[in-house]
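Heads up: the structure comes next, in structure tokens.
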Amino acid sequence: MFHRVLPYKDVIDNMLKSNSDSIQLMLSTGEWQQLQHVKDFLKAFFDATVKLSCSYTPSAHELLQHLFAISKVYRDIRELENRDETLAPIVKAMTTKFLKYWDDVPLVTIIANCLDPHWKVKYTVKMMQKYKENLGLPAQNEEGRVNYALETMFNLYNSRINVARPASTRSSAGSGSHHGLLDDLRDEDDLDENASMNELKSYNLGMVEKHPVDILDYWKRHSSASPTLAMMARDIFAVPVSTVPSESCFSSANRILTDKRSKLGPNVFEKLVCMKDWIDAENRTQHFVPGETSSCVETQGSGTATEAESDDEEYDPKDTELWYLRNNY
């Protein structure tokens, strides 16, 4: 609401000045500045909620970035305390609760950020250091912690890939080809731990992506050169950060089991809920609620945009998850 009110500051002041009974409702310059601070403070949480609640794009690699943005807001508010103490009590309570959950960032979140080609290990470590600094937490060996966690998971996934290779080696060796010995030596070299670690090192030492890329498409294209990392990315990015999408599926049950349809058996009811969610997922309409005048949330970068729609207008399945851009929000 604040981001829609603040641009009309002068209009609101002039309107209140024109009516003598409304002059007392006018906000002072300091109060308008406080509203601006509140708006900037809440924006980080709003952006995180919208981005991390998406249903159709990976969000695991973005969690750490939003945690850092929130920590930066906390730091900026602390620096403003000497000039503006309005938010100080609120921020202090929120910081305490924030640290309760995010004092120690989960390693899987850090690894997911490392698998983002825009960040990799180098910039992930730097972000973690600044994250700790913003929250006033003691400095730790973040580089060693991040590298150890990433290498541990990499070795685990690499061992899974190597399990299937000896079988193919034996089959090729027994095929009677005069290249059997050469194939065996090559497979032994592939199984060597140092050789497998070159995949991880080459990824981290490579250039970071400076332009936006589809992270799933990126790892699909690099699956041949980095099979282990691609497998890690496939598993990690499949995990949603937020439970909003799954909760919205259960919320749809209220629109299936109504006063006029109250005798559905549990088996039929379960099938209806599942089928509706599957069909909506295919059409990307999981957040569209029939009877409402607009659709719901989509994150930036998905390539969709929408405005408020009425029931009489034709509904475009691509126009989903953009409730925060609608005109009446």
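Annotations for the structure displayed:
- Residue within segment 146-160 that is small (G, A, S), assigned by TED's automatic domain parsing to the domain that holds A230 and modelled with pLDDT of 95 or more present: no
- Filter pass, L322 being modelled with pLDDT of 60 or more and among the aliphatic types (A, V, I, L, M): no
- Some residue of segment 103-119 being surrounded by 13 or more Cβ atoms within 10 Å (Cβ to Cβ), without any contact (Cβ under 8 Å) to a residue 60 or more places away in the chain and aromatic (F, W, Y): no
Okay, residues lined up against (1) charged (D, E, K, R); (2) surrounded by fewer than 14 Cβ atoms within 10 Å (Cβ to Cβ); (3) more than 30 Å from E282 (Cβ to Cβ); (4) not assigned by TED's automatic domain parsing to the domain that holds R234:
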residue: K17; (1), (2), (3), (4): yes, yes, yes, yes
residue: D21; (1), (2), (3), (4): yes, yes, yes, yes
residue: V38; (1), (2), (3), (4): no, no, yes, yes
residue: L42; (1), (2), (3), (4): no, no, yes, yes
residue: L63; (1), (2), (3), (4): no, no, no, no
residue: H66; (1), (2), (3), (4): no, no, no, no
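- Among the residues making up segment 125-145, those that are assigned to a helix (DSSP H, G or I) and either among the polar types (S, T, N, Q) or closer than 18 Å to S226 by Cβ (or both) are Q129, N134.
- Residues that are at pLDDT 90 or above and not β-branched (V, I, T) within segment 62-81 comprise E62, L63, L64, Q65, H66, L67, F68, A69, S71, K72, listed in sequence order.
- Here D316 meets each of (1) more than 18 Å from the chain's Cα centre (by Cα); (2) at pLDDT 75 or above; (3) among the charged types (D, E, K, R) with one exception, condition (2).
- Residue check, V50 touching a residue at least 60 places away in the same chain (Cβ under 8 Å) and either of a type in the set (D, E) or in a helix (DSSP H, G or I) (or both): yes
- Filter result for I12 (among the β-branched types (V, I, T), part of a helix (DSSP H, G or I) and more than 30 Å from E247 (Cα to Cα)): yes
- Taking every residue in segment 268-295 that is in the same structural domain as S252 (by TED's automatic domain parsing) and pairing it with any residue that is assigned to a helix (DSSP H, G or I) and modelled with pLDDT under 65, at least 6 positions away or on another chain, the pairs with Cβ-Cβ distances below 7 Å are S294/W323; S295/W323.
- Check on D76, part of a loop (DSSP other than H, G, I, E, B), acidic (D, E), closer than 19 Å to L135 by Cα and assigned by TED's automatic domain parsing to the domain that holds V146: no
The values are calculated or read from the model by the stated rules, or taken from the named source; none is laboratory data. From a predicted model like this one, the values you see are computed outputs, not experimental measurements. Every residue, glycine among them, receives a Cβ derived from its backbone with ideal geometry; neighbour counts consider all protein chains shown.
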